[in-house]
Amino acid sequence: MAKKLTKKETKVYRDLLLDRRNRLTGSMDSIGGSVSSQSGERDSASGDEADLGSMSVAQEFALSMLQNESGAVQKIDAALRRIDDGEFGFCDDCEEPIAKPRLEAIPWTTLCIDCQREAESH
Ligand SMILES: [Zn+2]
């Protein structure tokens, strides 16, 4: 049986996921709250985003990719549920631990890099 992430580790990823979720929804006040769609309300004020902390280039790239996908918020919510279930950080396919740099860039992923490549080649 694969070793699960420690609480400390899962907290890091939970924070990452919540941060990404806020960036996607443009909402600052939904942390831990229920899903609230704030349609039509765009936060154009400057300065707010800086409060969320800086992201690496890889993380920004991953987020921009996610923004182009449908169901992006659902993917993040699913990842948060996996954290609660203790399944977070393991590949859905081969059940091996997913590499940490990959999780830090794409915390909502469900596949390790090998299985992802495999999936994309089909
Ligand atoms: Zn895998």
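The values are calculated or read from the model by the stated rules, or taken from the named source; none is laboratory data. Everything numeric in this text was worked out from a predicted model, so none of it was measured. FYI the Cβ positions are ideal-geometry reconstructions off the backbone, even for glycines, and counts take in every protein chain you see.
Here are a few things to note about the model shown:
- Candidates in the stretch 91-103 are the residues that are in contact with a helix residue (DSSP H, G or I) (Cβ under 7 Å, 6 or more places away or on another chain) and assigned to a helix (DSSP H, G or I); of these, the one that is nearest to the ligand (Cβ to nearest atom) is Arg102.
- When residues of the stretch 105-118 are limited to those that are assigned to a helix (DSSP H, G or I) and farther than 18 Å from Ala72 by Cβ, the one nearest to the ligand (Cβ to nearest atom): Cys115
- For the stretch 72-79, the count of residues that are of a type in the set (S, T, N, Q), under 13 Å from Leu16 (Cβ atoms) and at pLDDT 95 or above is zero.
- Among residues of the stretch 84-113 that are touching a residue at least 60 places away in the same chain (Cβ under 8 Å) and more than 16 Å from Glu9 (Cβ to Cβ), those with a beta-carbon under 8 Å from a residue that is within 9 Å of the ligand (Cβ to nearest atom) and not acidic (Asp, Glu) at least six positions away or on a different chain give the pairs Glu96/Phe90; Glu96/Cys112.
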